[in-house]
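First comes the structure, then the notes that go with it.
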Amino acid sequence: MSVLWTHAAIGAYSAEGRAWVDELREVLDENVRVACAYVAGFEGVRVSRPEGTYMLWLDCTEWCSRHGKDVGELLAAGWRVGVAWQDGRPFHGPCHIRMNLALPTARVREAFERLATHVFA
């Protein structure tokens, strides 16, 4: 146990720590809501609302098939417009993408606007 761990534990179990976690959960819930609403408009992309995590799992199998692309090309297209998402293949998703939603909601909206305009349009 280190000094940092001790202070982190005290903070986590304090009233302020509980308040911080409650606020964090509200932001993460809004980010998931925003992301899932955008994905609903991406024809051929499926998503399940995550539970207990801030990682979104996009199944792009149908989209890639329709557009004659593989997930690597889709990932590259997102990175080109500034969306830092992650290849799902190492996590046993053959045509899947992982997205981290632990960021400010404005950034989530910005990323999905870029995807809607430049990648999934």
Candidate set from the range 81-121 (those that are exposed (fewer than 13 other Cβ atoms within 10 Å of the Cβ) and hydrophobic (A, V, I, L, M, F, W, C)); member that is farthest from Arg49 (Cα to Cα):
Ala121
Any idea how many residues of the range 42-64 are in contact (Cβ under 8 Å) with a residue 12 or more places away in the chain and either in contact with a Pro (Cβ under 7 Å, 6 or more places away or on another chain) or not aliphatic (A, V, I, L, M) (or both)?
15
Filter result for the condition that a residue is in a helix (DSSP H, G or I) and over 15 Å from Asp59 (Cα atoms), over Ala106, Ala102:
Ala106
Might you check whether a residue that is exposed (fewer than 13 other Cβ atoms within 10 Å of the Cβ), modelled with pLDDT under 95 and not in a strand (DSSP E or B) occurs anywhere in the range 58-80?
no
Considering only residues that are closer than 19 Å to Val32 by Cα and β-branched (Val, Ile, Thr), which ones fall in the range 84-121?
Ile97, Thr105, Val108
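The values are calculated or read from the model by the stated rules, or taken from the named source; none is laboratory data. Given the structure is predicted, the values throughout are model-derived calculations rather than measurements. All Cβ positions, even for glycine, are placed from backbone atoms using ideal geometry, and neighbour counts span all protein chains on display.
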